[in-house]
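Engineer: One structure, pasted below without further comment.
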């Protein structure tokens, strides 16, 4: 698939809006200058790998999503996922944009990569 800066611009803008962030807020979360976000979203400047990774982390999306590559989307019936994950995915897909923003904020605050000290409730 050929690289197209306009696909990157469209993807970054789409994910930023979906996350409920302004360009300035995204810049702050990603550790970038506001002008950098503006240039990326206008298609004037494709992000470096380091910048794309920062954007992906700030937006809580994959690097593929930031650069506009659209892989096959999992569905609630996808057999690759355990039943509880499929139920969670189905629930998330039904959320309105405001609630999805709140869920994204909550997930960003979760500790990642830490060893569990207790068993989760059934």
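Derivation of every value follows stated rules applied to the coordinates shown; laboratory data play no part. Owing to the predicted nature of the structure, the values given are computational and were not obtained by experimental measurement. For neighbour counting, all protein chains shown are included, and Cβ atoms are generated from backbone atoms with ideal geometry for every residue, glycine included.
Engineer: Place the peptides 87-93, 14-20 in order of packing, highest mean first, counting for every residue the other Cβ atoms within 10 Å and averaging per peptide.
Structural biologist: For the peptides 87-93, 14-20, the packing ranking is 14-20, 87-93.
Engineer: Which order do peptides 99-107, 3-11 fall in by mean Cβ count within 10 Å, highest first?
Structural biologist: Ranking, from highest mean packing down: 3-11, 99-107.
Engineer: At residue 101 and residue 81, where each label point lies 7 Å from the Cα along Cα→Cβ, what is the point-to-point distance in nanometres?
Structural biologist: 2.4
Engineer: What does the C-alpha gyration tensor say about the overall shape of segment 5-66? Classify as rounded when a/c is under 1.5, otherwise prolate if a/b is larger than b/c, or oblate.
Structural biologist: rounded
Engineer: Which ordering of 44, 86 is given by a fewest-first count of other beta-carbon atoms within 10 Å?
Structural biologist: Ranking 44, 86 by Cβ neighbours within 10 Å, fewest first, gives 44, 86.
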